[in-house]
Amino acid sequence: MTLRSRRFIGQFTLSALLVILLTLHLTGVLHLGFVDILDNTMYDLKVQTTKAHGIDDRIVIVDIDDKSLQAEGRWPWPREKLARMQSNLFEQYGAAAVGFDIVFSEPDASSGLPVLERLAANELKDQPNFLGLIEQLRPSLDYDGLMAESLAKGMSVLGYYFNVNQGAERIATLPKPLFTQDQLGGLGGGFMHAQGYGGSLPRLLEKAASAGFYNSLPDNDGVIRRMPVMINYQNGYYASLPIMLTQAAMGAKDIKLANPGGDGLHRYLPHSLDIDGLKVPFDPDGGVLVPYRSQGAYQFVSATDVISGQAPVSQLEGRIVLVGTTAPGLADIRVTPVSEVFPGVEIHASLLSGILDQNLKWKPRQVTMLTVASVVVLGLLIGILLPMTTPLIAATSTLAFLILVIALDVWAWNALNMDFPLGAPLITVLGMFVVNMSYGFFVETRAKGQITKLFGQYVPKELVEEMSRDPDRYNLKGESRDMSVLFSDIRDFTSISEGLSASSLAEMLNFYLSSMTRIVQQRRGTIDKYIGDAIMAFWGAPLIDTNHASDAIQAAMQMQRDLDELNPLMKQKGWPEIKIGIGVNSGKMNVGNMGSEFRMAYTVMADAVNLASRLEGLTKQYGLGILVGEEAVAHCPDIEFMKVDVVRVKGKAHPVTIYEPLGMKDQVDIAAIKRKQDFEQACAAFLLYDFDVAEDILRKANKRHPSKLYEVYLDRIAHFRESPPPADWDGVFTFTTK
């Protein structure tokens with residue numbers, strides 16, 4: 001079997017596995033949460049981009065808002081107030097129908113009538129005048145009676161709720177069910193089943209035109225995309241508030257069940273309710289998709305203005321009214337595709353508006369079968385096509401399939417009002433592309449994986465990418481190369497660490513080391529190790545770098561510049577400001593995987609490495625941020641340096657000249673050049689024993705720009721005046737400590 005054949009079989013097998021996984025999810029055998037998330041995300045996007053704009057003035061929300069609570073008192077109000085509001089809505093304002101997103105399940109005793117009746121039956125039963133007075137006051141104190149009479153003045157729809165998974169408590173009374181179990185047959189098997197309810201007072205229910213429940217149907221992510229049309233309780237199926245309010249507003253005698261039936265395309269059409277010609281399609285779970293509108297789609301009228309009769313008649317006349325609340329503490333706030341803070345009463349208004357406009361979206365009855373078919377067809381087409389094409393054609397084909405799938409879905413949404421789940425088809429197209437590209441990536445680029453395994457922890461991913469183009473050149477075996485090495489260390493780290501808690505110290509170090517490491521890697525450096533607060537890095541391996549010295553020194557200068565920006569941020573976090581010293585040196589070094597049988601590390605060793613470490617330590621002696629060895633300086637004609645000293649460090653007999661980098665030659669400012677000239681002039685006088693001239697120059701320079709470097713040489717001058725150097729002194733300063 002050829003390599004191409006094996007590749008085709010491998011890629012096609014992975015594609016088939018993806019199709020099988022998605023099919024198992026769609027048929028309910030396996031649950032893949034990410035598919036649901038994508039389905040919901042795409043649905044929300046369709047709702048947000050196609051939602052209707054403008055005000056629907058057919059529906060008005062009478063709002064129990066802050067203004068109403070301040071004017072009328074705490075909730076719940078005496079029903080006498082609500083009776084007045086209800087009477088005004090019908091008699092003064094001429095509302096077409098009124099629905100309550102509120103339940104009236106308990107009697108209202110706030111008038112004191114029950115107390116008076118108790119007195120009349122006990123302590124004052126022998127007082128005929130008192131008994132007569134009670135009978136005279138009863139009509140005005142019977143708030144539930146007043147409410148009942150107000151409901152009878154127009155088409156009123158009461159609200160109630162079902163306990164679906166919250167116990168079997170039964171309060172007050174339910175209205176007559178819309179359908180019985182016998183009428184629906186097996187259609188309602190997937191509907192919500194209630195165990196209990198909070199119904200309406202019988203005397204209110206008798207006077208109202210009807211009642212509807214206001215339960216919601218949130219999805220698994222808590223977002224309300226659908227509302228239940230009907231809920232099953234015992235042998236009956238009860239309708240929701242928007243359904244019953246539509247019937248009341250339309251003056252429809254009854255609500256019918258529309259069963260499309262038939263063959264062909266009819267078998268995919270949803271079941272629906274028929275309200276005087278208005279169709280409400282619902283899915284097998286008894287839910288209907290809510291056609292949300294843009295914010296501000298409905299007029300809100302404060303309840304207190306209706307109670308007092310101060311609301312404009314033009315706002316309410318002939319309108320369908322929903323009574324609900326948006327007041328804090330009372331508000332029924334829900335999460336919807338268009339807003340995370342959405343009043344529940346507005347959800348009912350949105351559904352009512354969609355019923356009136358007949359723009360309700362619906363899912364095909366055989367939506368699972370259709371989705372599985374689309375996944376299988378797409379899987380076969382793409383699974384066969386992609387393994388046979390180049391990456392460019394594969395990407396182009398994938399994009400074309402994506403556009404086709406989305407275009408068909410958008411057309412069905414806008415032209416047919418049909419909602420087709422997009423998650424599985426999109427994952428099929430994208431997944432096939434990822435699977436096929438990944439297969440080629442992992443199978444045909446093993447060398448890159450080996451390089452990453454060897455060097456990924458040392459060098460940035462950009463260099464790993466570069467190394468993978470010629471992997472045979474790179475390994476961990478020891479070899480000798482011309483390289484550069486950098487050591488950096490935080491000044492007075494011990495005292496800093498003593499002032500911080502362990503967690504704060506760790507957080508500060510992570511913050512600092514991450515920033516410094518980023519600079520090293522941007523300059524193509526390799527991180528060797530972290531030694532507490534210290535960083536060791538090198539240039540020239542594993543990638544050959546002909547500019548290793550320049551890259552290392554530029555990294556050191558960038559680290560010092562970035563530290564000036566980091567310190568204010570560290571101060572904001574409550575950490576102390578820090579200073580660092582950096583030593584850089586170049587030379588012949590041994591590089592490779594070194595260590596023991598227990599632990600290995602890719603590192604460098606040589607005298608040049610030790611010298612770089614000593615130079616980092618010397619930065620404290622001179623009060624400088626960076627010191628560079630002469631070998632590195634020789635490789636950097638584009639960088640301006642200032643000679644600092646000639647020293648003999650501990651452990652080395654041969655003296656070395658050390659330098660401070662001032663910047664790139666085309667960027668160094670005049671002040672730095674002046675400082676270099678003054679210092680080199682002072683050093684020249686110092687080496688000629690002309691201590692007076694050297695001291696004068698150094699003191700003037702130190703006055704302009706105070707520096708420990710000047711003080712070091714001033715101290716030497718003072719010492720040599722007391723104890724002159726020998727006649728054969730070579731100008732080298734010997735350090736006896738690290």
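The values are calculated or read from the model by the stated rules, or taken from the named source; none is laboratory data. These numbers come from a predicted model, not from an experiment. All Cβ positions, even for glycine, are placed from backbone atoms using ideal geometry, and neighbour counts span all protein chains on display.
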Tabulated pairs, segment 235-255, first under 15 Å from Phe162 (Cβ atoms), second of a type in the set (Gly, Ala, Ser) and in a helix (DSSP H, G or I), C-beta under 8 angstrom, 6+ apart or interchain: Tyr237/Gly188
Of residues in segment 612-643 being closer than 15 Å to Val732 by Cβ and either free of Cβ contacts under 8 Å to residues at least 60 places away in the same chain or of a type in the set (D, E, K, R) (or both), the one surrounded by the most Cβ atoms within 10 Å (Cβ to Cβ): Gly629
Extreme residue, modelled with the lowest pLDDT, among residues of segment 75-113 that are over 19 Å from Gly159 (Cβ atoms) and in a loop (DSSP other than H, G, I, E, B): Gly112
Residue identified as under 22 Å from Glu660 (Cβ atoms), free of Cβ contacts under 8 Å to residues at least 40 places away in the same chain and not polar (S, T, N, Q) among Glu565, Glu498: Glu565
Lone unmet requirement of (1) outside the structural domain of Ser480 (by TED's automatic domain parsing); (2) surrounded by 17 or more Cβ atoms within 10 Å (Cβ to Cβ); (3) touching a strand residue (DSSP E or B) at 6+ places or on another chain (Cβ under 8 Å) for Val646: (2)
Residue selected from segment 288-325 under the condition closer than 24 Å to Asp219 by Cβ and more than 28 Å from the chain's Cα centre (by Cα), by the criterion surrounded by the fewest Cβ atoms within 10 Å (Cβ to Cβ): Ala297
Spans of helices (runs of 4 or more DSSP H) in segment 171-280 with at least 2 residues exposed (fewer than 15 other Cβ atoms within 10 Å of the Cβ) and of a type in the set (S, T, N, Q): none
One residue from Lys571, Lys588 being under 40 Å from the mean Cα position of the chain (by Cα), assigned by TED's automatic domain parsing to the domain that holds Gly525, among the basic types (Lys, Arg) and surrounded by fewer than 18 Cβ atoms within 10 Å (Cβ to Cβ): Lys571
Hits in segment 42-74 (condition: within 15 Å of Ser308 (Cα to Cα) and in a helix (DSSP H, G or I)): Lys67, Ser68, Leu69, Gln70, Ala71, Glu72
Subset tally (residues that are touching a residue at least 12 places away in the same chain (Cβ under 8 Å) and over 33 Å from the mean Cα position of the chain (by Cα)) for segment 212-234: 7
